[in-house]
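In what follows, a structure is listed as structure tokens, so that the remarks can point back to it.
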């Protein structure tokens, strides 16, 4: 999948510039909405103007995302976290 071909916001995906650890409600709502509908993707590392900026610590961010989903959402939705590198920038796709 080429991230450049899908970025924007639709009902199938949402994007975030970075992982907001202190405000997880902002992105947990997207995870919950996807889990309660037909599914979707949340992509971390994309700016508001659709630039692929990547994440500074994608491994750490992936662990935090998993932990926050498991502790904040009930029931815990099925989810996968994958890494995608484009133009040297690593984004996370949940």
message: What distance in nm separates the two pseudo spin-label positions at residue 32 and residue 66, each 7 Å out from Cα along the beta-carbon direction?
response: 2.3 nm
query: Under the rule of -39500 (n - 2.57) per DSSP H run of 4 or more residues, summed and divided by the residues of the chain, what mean residue ellipticity at 222 nm is obtained, to the nearest 500 deg cm²/dmol?
result: -9000 deg cm²/dmol
message: For a quick check: sort 20, 56 by the number of other beta carbons within 10 angstrom, fewest at the front.
response: 56, 20
Cα→Cβ-extended label distance, 7 Å offset, between residue 56 and residue 87, nm: 2.0 nm
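Express in nm, to one decimal, how much length is gained between residue 22 and residue 47 on full extension, taking 0.36 nm for each residue of separation and deducting their alpha carbon distance.
Residue separation times 0.36 nm, minus the Cα-Cα distance, leaves 7.1 nm.
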message: Translational diffusion coefficient of segment 3-93 at 10 °C, 1.306 mPa s, Stokes-Einstein with Kirkwood Rh over Cα pairs, in µm²/s as a whole number.
response: 120 µm²/s
task: Could you grab the relative contact order for the chain? Cα pairs under 8 Å, six or more apart, rounded to a whole percent.
output: 30 percent
Extended-chain gain in nm, criterion 0.36 nm per residue less alpha-carbon gap, residue 12 and residue 79: 22.7 nm
query: Which of rounded, prolate, oblate describes segment 36-80, given a ≥ b ≥ c as roots of the alpha-carbon gyration tensor eigenvalues and a/c under 1.5 marking rounded, otherwise prolate only if a/b is larger than b/c?
result: oblate
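Values quoted throughout were computed directly from the atomic coordinates according to the rules given, and no laboratory measurement underlies them. Predicted, not measured: the structure shown is a model, and the values here were computed from it. Backbone-built Cβ (ideal geometry, glycine too); neighbour counts: all protein chains shown.
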